[in-house]
1. I need the full set of residues from segment 116-159 which are farther than 30 Å from D94 by Cβ, surrounded by fewer than 18 Cβ atoms within 10 Å (Cβ to Cβ), in contact (Cβ under 8 Å) with a residue 24 or more places away in the chain and β-branched (V, I, T), in order please.
2. Against the definition (under 20 Å from E8 (Cα atoms), out of contact with any Gly (no Cβ under 6 Å at 6 or more places or on another chain) and either at pLDDT 95 or above or among the aromatic types (F, W, Y) (or both)), how does F71 come out, yes or no?
3. Would a scan of segment 6-17 turn up a residue that is at pLDDT below 95, acidic (D, E), assigned to a helix (DSSP H, G or I) and over 15 Å from the mean Cα position of the chain (by Cα)?
4. Any chance you could count how many residues in segment 110-132 are under 21 Å from V54 (Cα atoms) and out of contact with any Gly (no Cβ under 7 Å at 6 or more places or on another chain)?
5. Tell me whether segment 3-18 contains one or more residues that are surrounded by 12 or more Cβ atoms within 10 Å (Cβ to Cβ), of a type outside the set (A, V, I, L, M, F, W, C) and more than 30 Å from F155 (Cα to Cα).
6. In segment 20-44, what residues are farther than 30 Å from K72 by Cα and surrounded by 13 or more Cβ atoms within 10 Å (Cβ to Cβ)?
7. Residue check: is K90 surrounded by 14 or more Cβ atoms within 10 Å (Cβ to Cβ) and basic (K, R)?
8. Name the single residue that is surrounded by the fewest Cβ atoms within 10 Å (Cβ to Cβ) among those in segment 62-87 being closer than 15 Å to G145 by Cβ and not aromatic (F, W, Y).
Amino acid sequence: MDKIEIIEKNFVKIIAACNAVGSVGIFILMLVVVRDVGLRTFFNIGVVGTAEIVANSLVAIFFLQIAYVLFKDRHIKATVLYDKYSTKVKIVVDIATFLLGILVFALVIYASWSLFVTSLTIGEWVGDGRFRFPVAPVRGMILFGSLLMCITYLFLIINRIRKLGRLKSSETGGEDSIEGGTA
């Protein structure tokens with residue numbers, strides 16, 4: 001196992017932990033919503049702040065879980081054309097889309113940084129006088145999740161380049177096989 005694989009293995013543990021925290025967050029949000037709906041249904045009493053909690057927490061949870069979903073290749077996708085490509089073309093298309101993904105999430109980081117700093121500086125909150133939800137942690141999760149996405153894309157690019165190398169090696173009669181590697 002080389003250094004990159006060791007770093008990747010540890011990185012996967014980090015994004016898996018983020019995914020687990022996000023899953024716990026979803027469960028907690030479910031309890032918050034069920035409590036609000038139950039109180040509204042049976043006692044005509046709404047829970048103050050439910051909308052703010054849910055709206056902001058969903059964004060934070062999304063950015064906690066997105067990198068793990070990407071790494072495990074569990075995003076929804078249409079593969080009508082992709083499935084018709086040869087293995088080499090698929091690898092090239094993957095690398096191109098991963099580079100585009102890095103660009104997109106780097107732009108998210110760039111666009112979100114000043115908003116995060118401003119939010120921290122002024123102590124930004126959402127909600128009315130009865131309930132206020134801090135915005136800075138959510139903006140921080142957007143930055144953190146976007147950074148994790150960029151790193152995940154880098155690992156995926158490295159894995160595709162290695163796969164391409166194994167593919168070329170197997171075509172030239174090398175001992176390596178394209179099977180059994182990280183995709």
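The values are calculated or read from the model by the stated rules, or taken from the named source; none is laboratory data. The structure displayed is predicted, hence computed values, not measured ones. Cβ atoms come from the backbone with ideal geometry, glycine included; neighbour counts cover every protein chain shown.
1. V126
2. Details: under 20 Å from E8 (Cα atoms): yes; out of contact with any Gly (no Cβ under 6 Å at 6 or more places or on another chain): yes; either at pLDDT 95 or above or among the aromatic types (F, W, Y) (or both): yes.
Against the criterion (under 20 Å from E8 (Cα atoms), out of contact with any Gly (no Cβ under 6 Å at 6 or more places or on another chain) and either at pLDDT 95 or above or among the aromatic types (F, W, Y) (or both)), F71 qualifies.
3. no
4. So the count comes out to 12.
5. So the first thing to find is which residues in segment 3-18 are surrounded by 12 or more Cβ atoms within 10 Å (Cβ to Cβ), and the list is 4-5, 7-8, 11-12, 14-18.
Subsequent filtering for residues that are of a type outside the set (A, V, I, L, M, F, W, C) retains 5, 8.
Narrowing the set further to residues that are more than 30 Å from F155 (Cα to Cα) leaves none.
Within segment 3-18, none of the residues are surrounded by 12 or more Cβ atoms within 10 Å (Cβ to Cβ), of a type outside the set (A, V, I, L, M, F, W, C) and more than 30 Å from F155 (Cα to Cα).
6. Within segment 20-44, D36, V37, L39, R40 qualify.
7. Yes, satisfied.
8. H75
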